[in-house]
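Scroll down for the structure; my scribbles are underneath it.
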Amino acid sequence: MPSRRSSTKMKRNLGRVFFYLIVVVILLYILAPVAWMFTSTVLYETDFVRLSSNLDIPKEINFDYYITLLFPWIPTKVEYGIFGGSWFLIKSVTDTTIIALATTALTLVLGSLAAYPLARIRFGRRQSVLTFMVVVQMIPGLAILIPIFIIMRTLGLIDTFPGYILPLTAYFAPFVAWMMVGFFQSTPVELEDQAIVDGCSRWGVLARIVLPLVAPGLVASAVWAFLSSWGEFMFAIVLTGSQVTPISVLIALAVGEVQARWGWMCAQAIIALLPPVVLAVLLQRYLVKGLTAGAIKG
Amino acid sequence: MTDSKEVTRRDYIKTVGAAAAGLAVGAAAGYFGKPTEVVPGPGGVTTTVRETVTGSVPTGPKPEFITVLTEDFEPWSSYVANQFKQRYGIDVKFVVTEFTGCHEKMVADMASGSATSLYDVVCWADAFTRTFGRAGYIEPLDDYIAKSDVIRLDNMQGPWLGPATYNGKIYGIAFHCLDMQLTYRTDLLEKAGYDKPPRTYQDILEYAKKMHNPAAGVYGFTGDWDDDNFWYNFRRRIFAAGGRMFNKDGSVAFNSDRGEAALQWFKDMWSAGVVYPDTLSTYSGGVNNKVSAAGKAALSFCWSWANMTFEDPKLSVIQGKYGFDLNPADADDPEKKYSCSSPVSEGLGGSVTAKSPNKEWAFKFIEEYSTYGSTMNNINNLGLTPVRRDVFTNPDTKKWPIFDLNRNQLDNYPSDSYPDPHSLSPVGVDFVIIRACSENFHKAMQGAMSVKDALSTVEGIVTDAQKKAGWTG
Amino acid sequence: MTHNGAKAPSAKKKRTRIERRDLLFALLLLAPCLCLILVLESFPIIFSLFLTFQNVQVGMKGLSLQFVGLGNWEHMFSDQALIPIVIRTLYFTSLDVGLSFLIGLCVALVLNEEFRGKRFVQVALIIPWAIPVVVSGRMFGLIFSAGFGILNTLLIKIGLINVGLRWLTDTNLSINTVALAQVWTHFPLLALFFLAAFETISEELYDAAKIDGTSRWQRFRHVTIPSVRNIILMMLIITTIASFKVFDMIYIMTMGYADTMVWYFNVFVQSFKYLYFDYGATLAYALFAAILLLTAIYLRLFPLREQ
């Protein structure tokens, strides 16, 4: 008796150890690359190269890259001038925030407003519009990039905020609409019918009864739209330039032929990833619930 | 009262006085303001200093700002922009991207077909001249140069003029001229028992093998063989081997035994395992220097501007242990002992877009890069080889020993540049060639494709592209 | 209301008026979104189709067009150079989707259990997906660097290899490297979906199975997997389509060199590097058509059944 119980206990303990090992591996898989990139930003470049190729632990830590990127007026040992460097990052973060917030707001409004009739009102072409929304999501961006560029150029909107935000909204709205249809359909229709019988207008029903019910869906859509527009790259390289500087373009083109300033570039990359990651981490529960809700319902 | 038709004595004196004053001022301006003659001196160095920058100021309404598409020239570009703003009161908005990014943006601007350009000044390099000059996207600058007191063709060095010229017209001005050169670690050379640097490509292979030390993590060689840089390396190699990229009629000439020999050298280097692996990675240029500075590579052959970090005490860890030398020659080509440096001289500069509403101001900005003061700013901050000859009387230029090396190469060694550089496509499909070369020659180097196949494939791609662009030759 | 004769006509009229008002309401709400999509997505895609029938030259007047009928399409079908690209695209997608699924599933299974620190792992899980792809690409470029990358250094120190692998420049290795980096950004979403699906499986099913004396593995096979069938099928097609459209990662890590050219990146190279906008549009359209076809076939073969 005792031997069998202790062997089972041992098996369970081993199982537990093995399990936690897997957990640690998963955590490492997720965090180690980011941590490594962070390391490259707090060392001088030759120190980092030595660490990376020989595992020589460096003797000094250097926050100069962050200081000069975030507080460009403070002199540091890593001066890289104005246009190629510091002021550009601050402007870039500002620009990207504006772009992301505007795109999120516009996508939410357009997408959820469009989703409500698709969910509730039976009209003839309803199914075709729904299918259209799904099919449009499959369009590869490159196929429409040149025509969009020509349209925007004709309107004189290249390198302006509307010129970039509008195409992004058009690109993201179908997904938001599709997701919100699911949410609208999952709210009890009796509430709406009751309100209509009680004399409420359609608008009132939408604003006062339905929207609060789908708030989680709205939050999920907002987070998704923010994340997608923050990191969007392909449209950005073509539709923006010197006035509008999304941060993805800055990161991608920060490598020069003259100096591959890894520490500098990675510091910019770290700053670039903070807003979306912080947002995703904080609002994670809504995001996940929102994205998966539609899927689970099938 | 001026009603009287009589010319009073006072009026007479006033008029004559004014005229005399005017003459005096004009004479003084002429004396102080006129550009001094350019006098060629020993070693191709000229002795002039004074120039009239304002010269002829454009008439008409001033724009609030001009837009400049450029590579990263910080902090030099900020200096130039500030000077420009102080002189004319016009802001400068930079769009900074790297070489291929510049090309993509210019293409997008051209493709939109709108009435005005997005940019006033765009990046110029040899590959841009025909691609955009032929299409009419950039403006011929001959008239502007003729009126300029700052940009004097006889005060500029380096064979950049050939690649900047198309159909007899000049389409871009170089801001700096540079070439590729050999850099080597003197300490590692000594240790391997060499008393002089490698002089030929074949030498480089031999030296690299000898100095390659995997145990210490030291590679024999590092270079810039990535993306667009590989093409520049290949052109030099085939020229040194006595070959050409294009025939006079514009047909492909690199698919020849000279081309094979050239490509074979790269393959031999790579298969010997002596080349720093990131040499082929995207954007390896800057990594290259860090690697040499950290002592990870014994020989380095790349753009001369890349070497300035070796001199920089903030970044270079082992000062004083570097040597510089010319482009290598091919041992099979005894006539050209230190072979050509520039099959087509390099340099980055500026062009004016044809559809810019501020063309004259755009050219003024290009002038601003070319002034004496601006050139000295470059020398003191960036160390890019200047185009102006006269600055070499300034002792500050001694700070960068590579300048003398560059000047020597650019002035005295064979180059394939004027009047008709045969390394550029006559119909300007150079960016197709750049990419096709890298893609296929990389594969040949790694053995994924034979050398002959790679050359034939690229020949096919280039011929197709040229035909599509209207080449009939 | 039950009276057939008198009330019926007025009731019908009331419905029609309400219906018309509803219709107007629906139209008003749909209009802005649909208009934007029509102008900035539908029209461009149709213009793109139009471009595929033209020979496009880029010049000072913009794009000069010349009708060539099916010329571009014929070229595409006869282009030998596309064959390795197709194969590579299929390989890349299989690797990407396969590994993402595997890792996502494992992570979801782990997170399905209760353990100390579970909250922390769940929160950290979203990070790879939230990070902009260009940043991830930069990050992996640093790690996979052949010369000074930490991965090679560690592998050499452990003794697995003698000389650093050329992760991004070796033509045999590079496509796998890009796929690995892409998997890192894909797997969190999959894991979260699987986890959400697992959580809907009622405990009773598990308990019943436990009473029957099944092993862990049998429970997994017969209770877990069937319950999440819908999710798996849906995520499979969604992830596959996303994988066909991978662009940012390749741009940052290899720019398409070293045999990392997949179909979608080739569209970019043909259009923006070689300036063959007509051929690029053709290739892009072919991809679009392929995606549509794939989805249609997929949904026909594996309809999303109700549980």
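Annotations for the structure displayed:
- Here is the figure for region A:1-60: residues that are outside any loop (DSSP other than H, G, I, E, B) and more than 13 Å from chain C (Cβ to nearest Cβ) total 11.
- When B:Thr200, B:Thr279, B:Thr186 are screened for being buried (at least 24 other Cβ atoms within 10 Å of the Cβ) and of a type in the set (Val, Ile, Thr), only B:Thr279 passes.
- Members of region C:56-75 found to be surrounded by 18 or more Cβ atoms within 10 Å (Cβ to Cβ) and in contact (Cβ under 8 Å) with a residue 12 or more places away in the chain, listed by number: C:Val56, C:Val58, C:Leu63, C:Asn72
- Identity of the residue in region C:135-151, part of a loop (DSSP other than H, G, I, E, B) and of a type outside the set (Ser, Thr, Tyr), that ends up surrounded by the most Cβ atoms within 10 Å (Cβ to Cβ): C:Gly147
- Meets criteria (touching a His at 6+ places or on another chain (Cβ under 8 Å) and within 21 Å of B:Tyr171 (Cβ to Cβ)) for B:Thr97: no
- Considering (1) outside any loop (DSSP other than H, G, I, E, B); (2) out of contact with any Ser or Thr (no Cβ under 7 Å at 6 or more places or on another chain); (3) surrounded by 22 or more Cβ atoms within 10 Å (Cβ to Cβ), the lone condition that C:Arg166 does not fulfil carries the number (1).
- So C:Leu99, is it crowded, with 16+ Cβ neighbours inside 10 Å, within 14 Å of chain B (Cβ to nearest Cβ) and hydrophobic (A, V, I, L, M, F, W, C): no
- Residues of region B:268-287 classified as of a type outside the set (A, V, I, L, M) and at pLDDT 80 or above, total: 8
- Only one of A:Arg261, A:Arg202 that is within 14 Å of chain B (Cβ to nearest Cβ), basic (Lys, Arg) and out of contact with any strand residue (DSSP E or B) (no Cβ under 9 Å at 6 or more places or on another chain): A:Arg261
- Positions within region B:208-217 being closer than 18 Å to A:Val49 by Cα and either in contact with a helix residue (DSSP H, G or I) (Cβ under 7 Å, 6 or more places away or on another chain) or of a type in the set (Ser, Thr, Tyr) (or both), in sequence order: B:Gly217
- Residue within region B:102-114 that is more than 17 Å from the chain's Cα centre (by Cα), crowded, with 19+ Cβ neighbours inside 10 Å and touching a residue at least 40 places away in the same chain (Cβ under 8 Å) present: yes
- Restricting the search to helices (runs of 4 or more DSSP H) fully inside region A:172-241 and requiring at least 1 residues that are assigned by TED's automatic domain parsing to the domain that holds A:Phe132 and buried (at least 22 other Cβ atoms within 10 Å of the Cβ) gives A:215-230, A:234-239.
- Entirely in region B:177-244, the helices (runs of 4 or more DSSP H) that have 3 or more residues that are in the same structural domain as B:Val275 (by TED's automatic domain parsing) and more than 30 Å from C:Asn162 (Cβ to Cβ): B:227-240
- Single unsatisfied condition, C:Lys273 versus (1) at the interface with chain A (Cβ under 8 Å from one of its Cβ atoms); (2) in contact with a Lys or Arg (Cβ under 6 Å, 6 or more places away or on another chain): (1)
- Just one residue in the set B:Phe94, B:Phe132, B:Phe84, B:Phe128 is touching a residue at least 40 places away in the same chain (Cβ under 8 Å), closer than 14 Å to B:Ile66 by Cα, within 14 Å of another protein chain (Cβ to nearest Cβ) and not in a loop (DSSP other than H, G, I, E, B); that residue is B:Phe84.
- Every residue from region A:106-145 that is in contact (Cβ under 8 Å) with a residue 60 or more places away in the chain, hydrophobic (A, V, I, L, M, F, W, C) and farther than 15 Å from A:Trp178 by Cα: A:Leu106, A:Leu142, A:Leu145
- Extreme residue, nearest to B:Phe73 (Cα to Cα), among residues of region B:383-417 that are among the aliphatic types (A, V, I, L, M) and at pLDDT below 80: B:Ile402
- Candidate set: region A:138-162, residues that are under 27 Å from A:Leu218 (Cα atoms) and more than 11 Å from chain C (Cβ to nearest Cβ); chosen: the one surrounded by the most Cβ atoms within 10 Å (Cβ to Cβ): A:Phe161
This table checks each residue for (1) closer than 26 Å to C:Gly147 by Cβ; (2) under 27 Å from the mean Cα position of the chain (by Cα).
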position: A:Ile57; (1), (2): yes, no
position: A:Asn62; (1), (2): yes, no
position: A:Thr107; (1), (2): no, yes
position: A:Arg122; (1), (2): no, no
position: A:Leu130; (1), (2): no, yes
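- For region C:243-255, residues that are in a helix (DSSP H, G or I), more than 10 Å from chain A (Cβ to nearest Cβ) and within 21 Å of A:Val134 (Cα to Cα) total 1.
The values are calculated or read from the model by the stated rules, or taken from the named source; none is laboratory data. Given the structure is predicted, the values throughout are model-derived calculations rather than measurements. Neighbour counts run over all protein chains shown; Cβ positions are idealised from the backbone, glycine included.
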